[in-house]
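Just below is one structure, and these are the notes that go with it.
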Amino acid sequence: MLTMSFVSPDLIRQRFSRAMSDMYRDEVPLYGALMNLVEQTNAQVLVNDPPLAEHLRSTGEIERLDLERHGAIRVGTAAELAMLGRLFAVMGMQPVGYYDLTPAGVPVHSTAFRAVHETSLQVSPFRVFTSLLRLELIENTELRDFAESVLAKRQIFTTDALDLIELAERQGGLTEHQADEFVLQALETFRWHHSATVTAEQYQQLSAQHRLIADVVAFKGPHINHLTPRTLDIDTVQAEMPRHGITPKAVVEGPPRRRCPILLRQTSFKALDEPVAFTDSPQSEGSHSARFGEIEQRGAALTPKGRALYDQLLNAARDALGAFPNEANAQRYNALMAEHFAQFPDTLDELRQQALAFFRYFPTSKGLAAKGTLDKPVTLERLLEQQYLRAEPLVYEDFLPVSAAGIFQSNLGDAAQSHYAGQSNRQAFETALGRPTIDELALYAATQQRSIDECMTALGV
Ligand code: OOG
Ligand code: NI
(Lines give C-alpha, C1' and ligand atoms only; values in the text may rest on other atoms or scores of the structure.)
(Ligands and ions follow the chains in the order given, each with its own letter.)
Protein backbone atom coordinates (compact mmCIF):
# COMPACT_ATOMS: atom_id res chain seq x y z
CA MET A 1 0.00 0.00 0.00
CA LEU A 2 1.20 3.44 -0.86
CA THR A 3 1.72 5.56 2.24
CA MET A 4 1.69 9.30 1.85
CA SER A 5 3.69 11.59 4.01
CA PHE A 6 1.75 14.55 5.36
CA VAL A 7 2.90 17.95 6.50
CA SER A 8 2.08 18.49 10.17
CA PRO A 9 -0.92 20.78 10.70
CA ASP A 10 1.31 22.92 12.95
CA LEU A 11 3.62 23.67 10.03
CA ILE A 12 0.70 24.45 7.73
CA ARG A 13 -0.51 26.94 10.35
CA GLN A 14 2.96 28.45 10.64
CA ARG A 15 3.14 28.92 6.86
CA PHE A 16 -0.36 30.28 6.69
CA SER A 17 0.30 32.79 9.47
CA ARG A 18 3.38 34.05 7.63
CA ALA A 19 1.51 34.27 4.32
CA MET A 20 -1.33 36.16 6.01
CA SER A 21 1.12 38.60 7.56
CA ASP A 22 2.79 39.24 4.20
CA MET A 23 -0.57 39.81 2.52
CA TYR A 24 -1.75 42.20 5.24
CA ARG A 25 1.49 44.16 5.18
CA ASP A 26 1.06 44.67 1.44
CA GLU A 27 -2.56 45.73 1.90
CA VAL A 28 -2.12 47.91 5.01
CA PRO A 29 1.32 49.57 5.13
CA LEU A 30 0.66 50.91 8.65
CA TYR A 31 0.69 47.29 9.86
CA GLY A 32 4.27 47.04 8.59
CA ALA A 33 5.19 50.21 10.50
CA LEU A 34 3.62 48.80 13.67
CA MET A 35 5.46 45.49 13.21
CA ASN A 36 8.77 47.33 12.96
CA LEU A 37 8.00 49.34 16.09
CA VAL A 38 7.10 46.17 17.99
CA GLU A 39 10.23 44.40 16.79
CA GLN A 40 12.47 47.28 17.90
CA THR A 41 10.73 47.56 21.26
CA ASN A 42 10.98 43.82 21.90
CA ALA A 43 14.70 43.83 21.07
CA GLN A 44 15.23 46.72 23.47
CA VAL A 45 13.26 45.04 26.27
CA LEU A 46 15.33 41.86 25.90
CA VAL A 47 18.51 43.92 26.31
CA ASN A 48 17.20 45.95 29.26
CA ASP A 49 15.53 43.14 31.16
CA PRO A 50 17.84 40.11 31.40
CA PRO A 51 15.56 38.19 33.83
CA LEU A 52 12.66 38.48 31.37
CA ALA A 53 14.94 37.38 28.52
CA GLU A 54 16.01 34.39 30.60
CA HIS A 55 12.38 33.50 31.41
CA LEU A 56 11.47 33.62 27.70
CA ARG A 57 14.48 31.52 26.81
CA SER A 58 13.76 28.89 29.43
CA THR A 59 10.13 28.42 28.39
CA GLY A 60 10.99 28.48 24.69
CA GLU A 61 8.67 31.48 24.18
CA ILE A 62 11.52 33.50 22.75
CA GLU A 63 11.44 31.33 19.63
CA ARG A 64 7.78 31.99 18.97
CA LEU A 65 7.88 35.71 19.79
CA ASP A 66 8.46 36.98 16.26
CA LEU A 67 5.92 34.54 14.83
CA GLU A 68 3.29 35.48 17.30
CA ARG A 69 0.15 37.21 16.14
CA HIS A 70 -3.60 36.94 16.04
CA GLY A 71 -6.08 38.05 13.44
CA ALA A 72 -9.82 38.69 13.43
CA ILE A 73 -12.64 38.07 10.98
CA ARG A 74 -16.42 38.33 10.99
CA VAL A 75 -18.74 36.00 9.11
CA GLY A 76 -22.42 36.20 8.26
CA THR A 77 -23.90 32.68 8.28
CA ALA A 78 -23.80 29.38 10.11
CA ALA A 79 -22.58 27.64 6.95
CA GLU A 80 -19.67 30.05 6.65
CA LEU A 81 -18.70 29.53 10.27
CA ALA A 82 -18.92 25.74 10.01
CA MET A 83 -16.75 25.65 6.89
CA LEU A 84 -14.22 27.98 8.52
CA GLY A 85 -14.05 25.54 11.40
CA ARG A 86 -13.13 22.79 8.92
CA LEU A 87 -10.60 25.05 7.17
CA PHE A 88 -8.89 25.95 10.44
CA ALA A 89 -8.89 22.28 11.51
CA VAL A 90 -6.61 21.50 8.55
CA MET A 91 -4.11 23.80 10.29
CA GLY A 92 -4.61 22.24 13.72
CA MET A 93 -6.80 25.09 14.99
CA GLN A 94 -9.77 24.34 17.24
CA PRO A 95 -12.53 26.67 18.45
CA VAL A 96 -11.62 27.68 22.00
CA GLY A 97 -13.89 29.74 24.24
CA TYR A 98 -17.19 31.54 23.65
CA TYR A 99 -17.40 35.34 23.71
CA ASP A 100 -20.68 37.19 23.70
CA LEU A 101 -20.26 40.79 22.56
CA THR A 102 -23.95 41.76 22.52
CA PRO A 103 -23.99 43.27 26.04
CA ALA A 104 -21.48 45.78 24.70
CA GLY A 105 -23.69 46.69 21.76
CA VAL A 106 -21.85 44.63 19.13
CA PRO A 107 -24.28 42.20 17.44
CA VAL A 108 -21.91 39.20 17.24
CA HIS A 109 -20.75 36.23 19.23
CA SER A 110 -17.33 34.72 18.78
CA THR A 111 -14.74 32.06 19.38
CA ALA A 112 -10.98 31.89 18.89
CA PHE A 113 -9.51 29.27 16.59
CA ARG A 114 -6.12 28.22 17.86
CA ALA A 115 -3.80 25.31 18.59
CA VAL A 116 -4.52 23.65 21.92
CA HIS A 117 -1.43 21.69 22.93
CA GLU A 118 1.70 23.41 24.29
CA THR A 119 3.99 21.74 21.75
CA SER A 120 1.75 22.92 18.88
CA LEU A 121 1.50 26.43 20.33
CA GLN A 122 5.27 26.50 20.43
CA VAL A 123 5.47 25.85 16.66
CA SER A 124 2.88 28.53 15.93
CA PRO A 125 0.59 30.31 18.39
CA PHE A 126 -1.38 31.92 15.52
CA ARG A 127 -5.01 32.54 16.52
CA VAL A 128 -8.06 33.94 14.75
CA PHE A 129 -10.81 35.72 16.70
CA THR A 130 -13.85 34.73 14.67
CA SER A 131 -17.22 36.42 15.05
CA LEU A 132 -20.60 35.38 13.74
CA LEU A 133 -23.07 38.16 13.00
CA ARG A 134 -26.35 37.79 14.91
CA LEU A 135 -28.78 38.82 12.24
CA GLU A 136 -31.72 37.93 14.47
CA LEU A 137 -30.90 41.08 16.44
CA ILE A 138 -31.81 43.31 13.49
CA GLU A 139 -35.32 44.43 14.30
CA ASN A 140 -36.14 45.82 10.88
CA THR A 141 -37.38 42.61 9.20
CA GLU A 142 -37.08 43.99 5.68
CA LEU A 143 -33.44 44.84 6.23
CA ARG A 144 -32.81 41.50 7.90
CA ASP A 145 -34.33 39.61 4.96
CA PHE A 146 -32.23 41.68 2.60
CA ALA A 147 -29.04 40.93 4.55
CA GLU A 148 -29.88 37.23 4.60
CA SER A 149 -30.49 37.12 0.88
CA VAL A 150 -27.19 38.86 0.12
CA LEU A 151 -25.28 36.50 2.38
CA ALA A 152 -27.03 33.43 0.92
CA LYS A 153 -25.65 34.32 -2.50
CA ARG A 154 -21.99 34.59 -1.64
CA GLN A 155 -19.33 31.88 -1.54
CA ILE A 156 -16.38 32.95 0.60
CA PHE A 157 -14.17 29.95 -0.23
CA THR A 158 -12.49 29.14 -3.52
CA THR A 159 -13.45 25.83 -5.13
CA ASP A 160 -9.89 24.62 -4.72
CA ALA A 161 -9.92 25.48 -1.02
CA LEU A 162 -13.12 23.47 -0.55
CA ASP A 163 -11.64 20.52 -2.45
CA LEU A 164 -8.46 20.60 -0.38
CA ILE A 165 -10.40 20.74 2.91
CA GLU A 166 -12.32 17.62 1.86
CA LEU A 167 -9.14 15.95 0.69
CA ALA A 168 -7.39 16.66 3.99
CA GLU A 169 -10.34 15.21 5.89
CA ARG A 170 -10.46 12.11 3.67
CA GLN A 171 -6.71 11.44 3.60
CA GLY A 172 -6.03 12.53 7.16
CA GLY A 173 -3.65 15.27 6.07
CA LEU A 174 -2.04 17.09 3.15
CA THR A 175 1.17 16.36 1.28
CA GLU A 176 3.85 19.01 0.88
CA HIS A 177 2.50 20.20 -2.46
CA GLN A 178 -1.13 20.08 -1.35
CA ALA A 179 -0.30 22.03 1.80
CA ASP A 180 1.34 24.82 -0.19
CA GLU A 181 -1.67 25.01 -2.47
CA PHE A 182 -3.99 24.98 0.53
CA VAL A 183 -2.22 27.99 2.08
CA LEU A 184 -2.60 29.95 -1.17
CA GLN A 185 -6.26 29.01 -1.60
CA ALA A 186 -7.21 29.54 2.05
CA LEU A 187 -5.64 32.99 1.99
CA GLU A 188 -8.14 34.10 -0.67
CA THR A 189 -11.00 33.96 1.84
CA PHE A 190 -9.33 36.66 3.97
CA ARG A 191 -8.35 39.07 1.22
CA TRP A 192 -9.69 42.61 1.04
CA HIS A 193 -12.09 43.39 -1.83
CA HIS A 194 -12.23 46.89 -3.09
CA SER A 195 -15.70 46.44 -4.60
CA ALA A 196 -18.78 45.95 -2.46
CA THR A 197 -21.58 43.55 -3.46
CA VAL A 198 -24.40 46.04 -2.83
CA THR A 199 -25.47 49.48 -4.04
CA ALA A 200 -24.41 52.64 -2.28
CA GLU A 201 -27.89 53.05 -0.85
CA GLN A 202 -28.08 49.48 0.43
CA TYR A 203 -24.69 49.96 2.03
CA GLN A 204 -25.98 53.08 3.80
CA GLN A 205 -29.01 51.21 5.11
CA LEU A 206 -26.94 48.36 6.47
CA SER A 207 -24.45 50.75 7.97
CA ALA A 208 -27.19 52.85 9.59
CA GLN A 209 -28.38 49.70 11.38
CA HIS A 210 -24.84 48.96 12.57
CA ARG A 211 -21.51 49.60 10.89
CA LEU A 212 -20.51 46.07 11.62
CA ILE A 213 -23.49 44.72 9.69
CA ALA A 214 -22.37 46.61 6.59
CA ASP A 215 -18.85 45.31 7.07
CA VAL A 216 -20.03 41.70 7.06
CA VAL A 217 -22.88 41.82 4.57
CA ALA A 218 -21.69 44.24 1.90
CA PHE A 219 -18.49 42.45 0.86
CA LYS A 220 -17.45 39.28 -0.92
CA GLY A 221 -15.76 37.75 2.05
CA PRO A 222 -14.58 38.06 5.65
CA HIS A 223 -11.52 40.22 5.03
CA ILE A 224 -9.00 39.99 7.82
CA ASN A 225 -9.64 43.19 9.80
CA HIS A 226 -6.44 43.29 11.85
CA LEU A 227 -3.34 41.28 12.64
CA THR A 228 -1.83 41.75 16.05
CA PRO A 229 1.83 41.22 16.92
CA ARG A 230 2.86 40.42 20.49
CA THR A 231 4.93 43.04 22.27
CA LEU A 232 6.91 42.71 25.48
CA ASP A 233 6.12 46.30 26.49
CA ILE A 234 2.77 47.65 25.40
CA ASP A 235 3.08 50.97 27.27
CA THR A 236 6.23 51.86 25.36
CA VAL A 237 4.64 50.97 22.03
CA GLN A 238 1.49 52.94 22.95
CA ALA A 239 3.63 55.99 23.80
CA GLU A 240 5.74 55.63 20.65
CA MET A 241 2.88 55.14 18.20
CA PRO A 242 2.13 58.84 17.56
CA ARG A 243 5.79 59.46 16.72
CA HIS A 244 5.43 56.86 13.97
CA GLY A 245 2.33 58.43 12.49
CA ILE A 246 -0.05 56.01 14.23
CA THR A 247 -2.88 57.23 16.48
CA PRO A 248 -3.67 54.76 19.26
CA LYS A 249 -7.03 54.35 21.02
CA ALA A 250 -7.42 56.20 24.31
CA VAL A 251 -6.73 53.42 26.81
CA VAL A 252 -4.96 50.09 26.93
CA GLU A 253 -7.54 47.32 27.45
CA GLY A 254 -7.06 44.64 30.09
CA PRO A 255 -5.22 44.75 33.41
CA PRO A 256 -2.99 47.71 34.32
CA ARG A 257 0.79 47.54 34.11
CA ARG A 258 2.23 45.19 36.74
CA ARG A 259 5.49 43.51 37.69
CA CYS A 260 4.01 40.09 36.84
CA PRO A 261 1.89 40.50 33.69
CA ILE A 262 -1.43 38.63 33.73
CA LEU A 263 -3.88 37.77 30.97
CA LEU A 264 -3.78 40.16 28.07
CA ARG A 265 -3.27 43.88 27.51
CA GLN A 266 -4.25 45.32 24.11
CA THR A 267 -4.38 48.59 22.27
CA SER A 268 -5.24 49.44 18.68
CA PHE A 269 -5.11 52.23 16.14
CA LYS A 270 -8.29 53.41 14.50
CA ALA A 271 -9.70 51.83 11.39
CA LEU A 272 -8.65 53.41 8.12
CA ASP A 273 -11.11 54.97 5.72
CA GLU A 274 -10.67 53.00 2.53
CA PRO A 275 -12.13 53.63 -0.91
CA VAL A 276 -14.76 51.16 -2.07
CA ALA A 277 -16.87 50.89 -5.22
CA PHE A 278 -20.57 50.04 -5.05
CA THR A 279 -22.42 47.99 -7.65
CA ASP A 280 -24.42 50.94 -8.94
CA SER A 281 -21.50 53.33 -9.07
CA PRO A 282 -18.37 51.35 -9.91
CA GLN A 283 -16.56 54.52 -10.96
CA SER A 284 -17.31 56.86 -8.11
CA GLU A 285 -15.67 56.01 -4.83
CA GLY A 286 -17.40 55.48 -1.53
CA SER A 287 -15.55 54.66 1.61
CA HIS A 288 -15.60 52.02 4.30
CA SER A 289 -13.60 51.68 7.47
CA ALA A 290 -12.94 48.22 8.79
CA ARG A 291 -9.28 47.48 8.92
CA PHE A 292 -7.14 48.56 11.82
CA GLY A 293 -3.99 47.68 13.72
CA GLU A 294 -3.60 46.28 17.19
CA ILE A 295 -0.81 45.17 19.52
CA GLU A 296 -0.95 43.04 22.59
CA GLN A 297 1.12 41.97 25.56
CA ARG A 298 0.44 38.53 26.98
CA GLY A 299 0.85 37.49 30.60
CA ALA A 300 -0.05 34.58 32.84
CA ALA A 301 -3.20 32.50 32.32
CA LEU A 302 -5.40 32.80 35.39
CA THR A 303 -7.21 29.99 37.18
CA PRO A 304 -10.98 30.31 37.66
CA LYS A 305 -10.23 31.90 41.04
CA GLY A 306 -7.75 34.38 39.52
CA ARG A 307 -10.14 35.16 36.71
CA ALA A 308 -12.98 35.85 39.14
CA LEU A 309 -10.77 38.31 40.99
CA TYR A 310 -9.76 39.96 37.70
CA ASP A 311 -13.41 40.35 36.63
CA GLN A 312 -14.37 41.72 40.04
CA LEU A 313 -11.62 44.37 40.08
CA LEU A 314 -12.18 45.34 36.45
CA ASN A 315 -15.91 45.78 37.02
CA ALA A 316 -15.32 47.78 40.20
CA ALA A 317 -12.90 50.14 38.42
CA ARG A 318 -15.30 50.58 35.50
CA ASP A 319 -18.25 51.17 37.80
CA ALA A 320 -16.24 53.80 39.65
CA LEU A 321 -15.46 55.50 36.33
CA GLY A 322 -19.16 55.47 35.54
CA ALA A 323 -18.63 55.84 31.81
CA PHE A 324 -17.04 54.12 28.88
CA PRO A 325 -13.25 54.82 28.89
CA ASN A 326 -12.44 57.55 26.35
CA GLU A 327 -9.91 60.31 25.61
CA ALA A 328 -11.38 62.63 28.22
CA ASN A 329 -11.40 60.22 31.17
CA ALA A 330 -8.39 58.06 30.22
CA GLN A 331 -6.20 59.39 33.02
CA ARG A 332 -8.82 58.81 35.66
CA TYR A 333 -9.51 55.34 34.25
CA ASN A 334 -5.82 54.40 34.50
CA ALA A 335 -5.67 55.70 38.08
CA LEU A 336 -8.80 53.76 39.07
CA MET A 337 -7.46 50.59 37.48
CA ALA A 338 -4.13 50.92 39.31
CA GLU A 339 -5.94 51.59 42.57
CA HIS A 340 -8.29 48.60 42.29
CA PHE A 341 -5.69 46.18 40.99
CA ALA A 342 -3.38 46.91 43.92
CA GLN A 343 -5.44 44.11 45.50
CA PHE A 344 -4.25 41.57 42.93
CA PRO A 345 -1.08 39.84 44.25
CA ASP A 346 1.89 40.76 42.09
CA THR A 347 4.63 38.23 42.77
CA LEU A 348 4.94 34.84 41.10
CA ASP A 349 5.06 33.09 44.47
CA GLU A 350 1.77 34.64 45.59
CA LEU A 351 0.11 33.94 42.25
CA ARG A 352 1.14 30.30 42.54
CA GLN A 353 0.58 29.74 46.25
CA GLN A 354 -2.86 31.35 46.14
CA ALA A 355 -3.71 29.36 42.99
CA LEU A 356 -4.48 32.51 41.03
CA ALA A 357 -2.46 31.59 37.91
CA PHE A 358 -1.51 28.44 36.00
CA PHE A 359 2.14 27.41 35.90
CA ARG A 360 4.43 25.08 34.03
CA TYR A 361 7.05 23.23 36.02
CA PHE A 362 10.55 22.35 34.88
CA PRO A 363 13.18 20.16 36.58
CA THR A 364 16.43 21.96 37.43
CA SER A 365 19.88 20.41 36.99
CA LYS A 366 20.06 20.17 40.78
CA GLY A 367 16.79 18.23 40.75
CA LEU A 368 17.95 15.90 37.98
CA ALA A 369 21.18 15.22 39.92
CA ALA A 370 19.09 14.23 42.94
CA LYS A 371 16.90 11.88 40.89
CA GLY A 372 15.70 8.87 42.85
CA THR A 373 16.97 10.15 46.20
CA LEU A 374 14.10 12.44 47.17
CA ASP A 375 12.78 12.51 50.72
CA LYS A 376 9.16 11.50 51.19
CA PRO A 377 6.55 12.87 51.12
CA VAL A 378 7.34 14.59 47.85
CA THR A 379 5.28 17.73 47.33
CA LEU A 380 5.47 20.38 44.64
CA GLU A 381 6.05 23.10 47.24
CA ARG A 382 8.91 21.17 48.76
CA LEU A 383 10.55 20.45 45.39
CA LEU A 384 10.37 24.15 44.59
CA GLU A 385 11.86 25.08 47.97
CA GLN A 386 14.71 22.64 47.41
CA GLN A 387 15.17 24.15 43.94
CA TYR A 388 14.68 20.79 42.30
CA LEU A 389 11.93 22.35 40.21
CA ARG A 390 11.17 25.82 38.97
CA ALA A 391 7.78 27.23 38.04
CA GLU A 392 7.09 29.51 35.07
CA PRO A 393 3.67 31.08 34.51
CA LEU A 394 1.71 29.68 31.57
CA VAL A 395 1.00 32.22 28.83
CA TYR A 396 -2.62 33.27 28.35
CA GLU A 397 -3.53 32.17 24.81
CA ASP A 398 -7.07 33.54 24.64
CA PHE A 399 -9.05 36.78 24.58
CA LEU A 400 -11.10 38.88 26.99
CA PRO A 401 -14.71 39.84 26.23
CA VAL A 402 -14.61 43.33 27.78
CA SER A 403 -11.34 44.10 25.97
CA ALA A 404 -12.67 42.72 22.70
CA ALA A 405 -15.73 44.96 23.04
CA GLY A 406 -13.43 47.94 23.60
CA ILE A 407 -11.42 47.06 20.50
CA PHE A 408 -14.57 46.64 18.41
CA GLN A 409 -15.98 49.92 19.67
CA SER A 410 -12.88 51.99 19.11
CA ASN A 411 -13.27 51.02 15.48
CA LEU A 412 -16.98 51.49 15.15
CA GLY A 413 -17.10 54.98 16.57
CA ASP A 414 -18.72 56.05 19.80
CA ALA A 415 -22.15 56.15 18.19
CA ALA A 416 -22.21 52.36 18.36
CA GLN A 417 -22.48 52.08 22.12
CA SER A 418 -26.02 50.78 22.29
CA HIS A 419 -27.13 47.65 24.09
CA TYR A 420 -28.80 44.61 22.60
CA ALA A 421 -31.52 42.91 24.55
CA GLY A 422 -30.70 39.50 23.05
CA GLN A 423 -29.71 36.64 25.29
CA SER A 424 -26.24 35.22 25.24
CA ASN A 425 -26.61 32.14 23.11
CA ARG A 426 -23.68 29.80 23.23
CA GLN A 427 -25.81 26.90 22.13
CA ALA A 428 -26.91 28.65 18.94
CA PHE A 429 -23.28 29.50 18.22
CA GLU A 430 -22.19 25.90 18.66
CA THR A 431 -25.05 24.63 16.53
CA ALA A 432 -23.93 27.02 13.78
CA LEU A 433 -20.33 25.89 14.18
CA GLY A 434 -21.35 22.25 14.16
CA ARG A 435 -19.36 21.38 17.28
CA PRO A 436 -18.89 22.52 20.86
CA THR A 437 -16.29 25.13 21.72
CA ILE A 438 -13.47 24.02 23.98
CA ASP A 439 -13.19 25.29 27.56
CA GLU A 440 -9.90 27.19 27.72
CA LEU A 441 -9.53 26.66 31.47
CA ALA A 442 -9.48 22.90 30.98
CA LEU A 443 -6.65 23.33 28.44
CA TYR A 444 -4.48 25.32 30.86
CA ALA A 445 -5.15 22.85 33.65
CA ALA A 446 -4.15 19.96 31.37
CA THR A 447 -0.91 21.67 30.32
CA GLN A 448 -0.05 22.37 33.95
CA GLN A 449 -0.76 18.76 34.93
CA ARG A 450 1.31 17.36 32.02
CA SER A 451 4.27 19.45 33.14
CA ILE A 452 3.93 18.17 36.72
CA ASP A 453 3.74 14.56 35.49
CA GLU A 454 6.83 15.06 33.30
CA CYS A 455 8.74 16.58 36.22
CA MET A 456 7.88 13.68 38.49
CA THR A 457 9.07 11.19 35.87
CA ALA A 458 12.28 13.18 35.34
CA LEU A 459 12.93 13.20 39.10
CA GLY A 460 12.17 9.50 39.42
CA VAL A 461 9.17 9.99 41.70
C1 OOG B 1 -12.53 41.60 16.77
C2 OOG B 1 -12.25 42.50 17.95
C3 OOG B 1 -11.68 41.73 19.13
C4 OOG B 1 -9.42 41.25 20.23
O5 OOG B 1 -8.19 41.13 20.08
O6 OOG B 1 -9.97 41.19 21.34
C7 OOG B 1 -10.22 41.49 19.02
C8 OOG B 1 -13.03 42.33 15.57
O9 OOG B 1 -12.98 43.58 15.52
O10 OOG B 1 -13.49 41.64 14.64
O11 OOG B 1 -9.63 41.47 18.01
NI1 NI C 1 -7.58 41.59 18.15
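The values are calculated or read from the model by the stated rules, or taken from the named source; none is laboratory data. Quick caveat: nothing in here was measured; it's all calculated off a predicted structure. Every residue, glycine among them, receives a Cβ derived from its backbone with ideal geometry; neighbour counts consider all protein chains shown.
Output the residue which, of all residues in segment 278-298 that are closer than 22 Å to GLY245 by Cβ and outside any strand (DSSP E or B), is nearest to ligand 2 (Cβ to nearest atom). Result: PHE292. The residue list ALA330, ALA316, ALA300 contains one member that is crowded, with 22+ Cβ neighbours inside 10 Å and either charged (D, E, K, R) or touching a residue at least 24 places away in the same chain (Cβ under 8 Å) (or both), which is ALA300. Of all residues in segment 30-56, those satisfying the criterion of being exposed (fewer than 13 other Cβ atoms within 10 Å of the Cβ) and not hydrophobic (A, V, I, L, M, F, W, C) are ASN36, ASN48, PRO50, PRO51, GLU54.
Restrict the check to segment 441-449 and report whether at least one residue is within 16 Å of ligand 1 (Cβ to nearest atom), at pLDDT 95 or above and within 19 Å of the chain's Cα centre (by Cα). So far as segment 441-449 goes, no, none of its residues is within 16 Å of ligand 1 (Cβ to nearest atom), at pLDDT 95 or above and within 19 Å of the chain's Cα centre (by Cα).
One line per residue, one yes/no per condition, for (1) touching a Ser or Thr at 6+ places or on another chain (Cβ under 8 Å); (2) not β-branched (Val, Ile, Thr):
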position: THR111; (1), (2): yes, no
position: THR175; (1), (2): yes, no
position: ASP180; (1), (2): no, yes
position: GLU188; (1), (2): yes, yes
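Restricting GLU166, GLU136 to residues that are at pLDDT 95 or above, charged (D, E, K, R) and away from ligand 1 (no atom under 16 Å from the Cβ) narrows the list to GLU166.
Restricted to helices (runs of 4 or more DSSP H) entirely inside segment 134-223, those with at least 1 residues that are among the charged types (D, E, K, R) and closer than 19 Å to LEU84 by Cβ are 141-153, 159-171, 176-188, 211-217. The set of residues in segment 364-378 being touching a residue at least 60 places away in the same chain (Cβ under 8 Å) and either surrounded by 21 or more Cβ atoms within 10 Å (Cβ to Cβ) or assigned to a helix (DSSP H, G or I) (or both) consists of GLY367, LEU368. Can you report the number of residues in segment 379-412 which are outside any strand (DSSP E or B) and closer than 30 Å to LYS249 by Cβ? Going through segment 379-412 one residue at a time, the tally reaches 18.
For segment 108-123, the criterion of being more than 14 Å from the chain's Cα centre (by Cα), under 22 Å from ILE295 (Cα atoms) and surrounded by fewer than 21 Cβ atoms within 10 Å (Cβ to Cβ) is satisfied by at least one residue. Is at least one residue of segment 146-156 away from ligand 2 (no atom under 16 Å from the Cβ), within 26 Å of TYR203 (Cα to Cα) and either among the acidic types (Asp, Glu) or within 18 Å of the chain's Cα centre (by Cα) (or both)? Yes, segment 146-156 contains at least one residue that is away from ligand 2 (no atom under 16 Å from the Cβ), within 26 Å of TYR203 (Cα to Cα) and either among the acidic types (Asp, Glu) or within 18 Å of the chain's Cα centre (by Cα) (or both). For segment 88-100, the candidate set comprises residues that are of a type in the set (A, V, I, L, M) and surrounded by fewer than 23 Cβ atoms within 10 Å (Cβ to Cβ); within that set, the residue that is nearest to the chain's Cα centre (by Cα) is VAL96.
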